[in-house]
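Notes for the one structure printed next.
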Amino acid sequence: MSDARGRLVGAHAAPWPEPLAEAALPPAPRRETLAVVPREARTLPLPEGSGARAGRPTSSRAALGRTVRALSQLELPDWSDVAATSWWEEDADPLMIADSGLRIVSGEQPAFGVPRVITAEPAYAQAVDWMVCAALASVARPGSPSYYFRLTTRPLDQAPFDAASERLGPAVLRRHLLTGAYRLVAGTVGRPRRVQIAAVGPAIPEALVAAAALEEEGICADVVDVVSADSVYAAWQRSLARAVGAAATPAIPGALRQAFDLRAPVVAVHDQATTTLAWLGSALGVPLVTVAPAQGSDRSLRAPVDPGTVVSAALAALSL
């Protein structure tokens, strides 16, 4: 492992090993946002998914367009009811959605914890499809919160998601995804050392490359796609509130248990502030190392982080 550390920890100062080659990564992302906000309560017969498919590398922004087109072509009783039930706003602001006078810059601060707004960051086309359909069905119910989607123009290979669907089954994968997180890649079982990489949105390609490099060094490396840090954080907070009220030991909520191992350290990888997933270590009771862009860097014109840094963070987490 010392050789691996010497090769990978200094990734910024020396050429990357072949598994970490930049050429294998998709282009850097450009951020866009979408809000789905309740307007009036109605019962809409919306399906769990639109049926839209992506057979090639696709961005979450392009996947949204496919979903909307596919829904408009379905034989729904009245597609115009969707527009009447909710309004959609591109380049939205989560605090403005919550009727607050403050403003949050997308990516500069944690985009969760805004009252009555659920933030989601689906990376894959099918994930976008399931979450948008679920959001539209949800906002049709009285008292529903708004949904804030952080999207990207970065095209992602859909094969990892397809493999996860085959491993878990579409129904289980959809259930896990809608609760906030799912295990995108399951590392090689039986190895003495295990680390988990929790990645968000456009940071997933770097997490996958880093996980492959760690596996080559004999380390079991899982990759967890945190689709909605908002939902997972809220589940943890509800569990803590129940435990405090009952003077009991807090239970780890199912949204975390289904996606994470409760003993392996975690590396959190994203393009937001370092505090965005800093609470995961406390929620799981394991060591956590956070990887995010340097403050002040232009997140819209570069990849969130590089794979070498993710590998370095994983080795550091394993040493804690």
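Every number here is computed from the coordinates shown, using simple stated rules; none is lab data. Model, not experiment: these values are computed from the prediction. Cβ placement follows ideal geometry from the backbone for every residue including glycine, while neighbour counts extend to all protein chains displayed.
For the pair GLU166 and GLU216 in one chain, pulling the backbone fully straight at 0.36 nm per residue adds 15.7 nm over the alpha carbon distance.
Each peptide in 237-243, 312-318 was scored by the mean count of other Cβ atoms within 10 Å over its residues; highest first, the order is 312-318, 237-243. If you take the square roots of the eigenvalues of the alpha-carbon gyration tensor of the range 141-300 and sort them as a ≥ b ≥ c, do you get rounded (a/c under 1.5), prolate (a/b over b/c) or oblate? Rounded is the answer for the range 141-300, as its axis ratio a/c remains below 1.5.
Of the peptides 128-135, 61-68, the order by per-residue mean of other Cβ atoms within 10 Å, starting with the highest, comes out as 128-135, 61-68.
Sorting 166-173, 182-189 by their mean Cβ neighbour count within 10 Å, with the most densely packed peptide first, gives 182-189, 166-173. Applying 1/(1 + (r/R0)^6) with r as the Cβ-Cβ distance of LEU262 and ASP157 and R0 = 22 angstrom yields a FRET efficiency of 0.15. When the square roots of the Cα gyration tensor eigenvalues are ordered a ≥ b ≥ c, the ratio a/c for the range 126-184 is 1.5 or more and a/b does not exceed b/c, which makes its shape oblate. Taking the range 138-162 and a reference point 7 angstrom along Cα→Cβ of GLN237, the backbone N atoms nearer than 19 Å belong to 143-150.
Among the DSSP beta bridges whose two residues both lie in the range 156-294, what percent are antiparallel, rounded to the nearest 5?
Working: 4 of 18 bridges.
Just about 20 percent of them are antiparallel.
Summing Lys and Arg as +1 and Asp and Glu as -1 over all other residues whose Cβ lies under 14 Å from the Cβ of ALA248 gives a net charge of +2.
If the segment from ARG69 to VAL189 were pulled out straight at 0.36 nm per residue, it would be longer than the present Cα-Cα gap by 39.1 nm.
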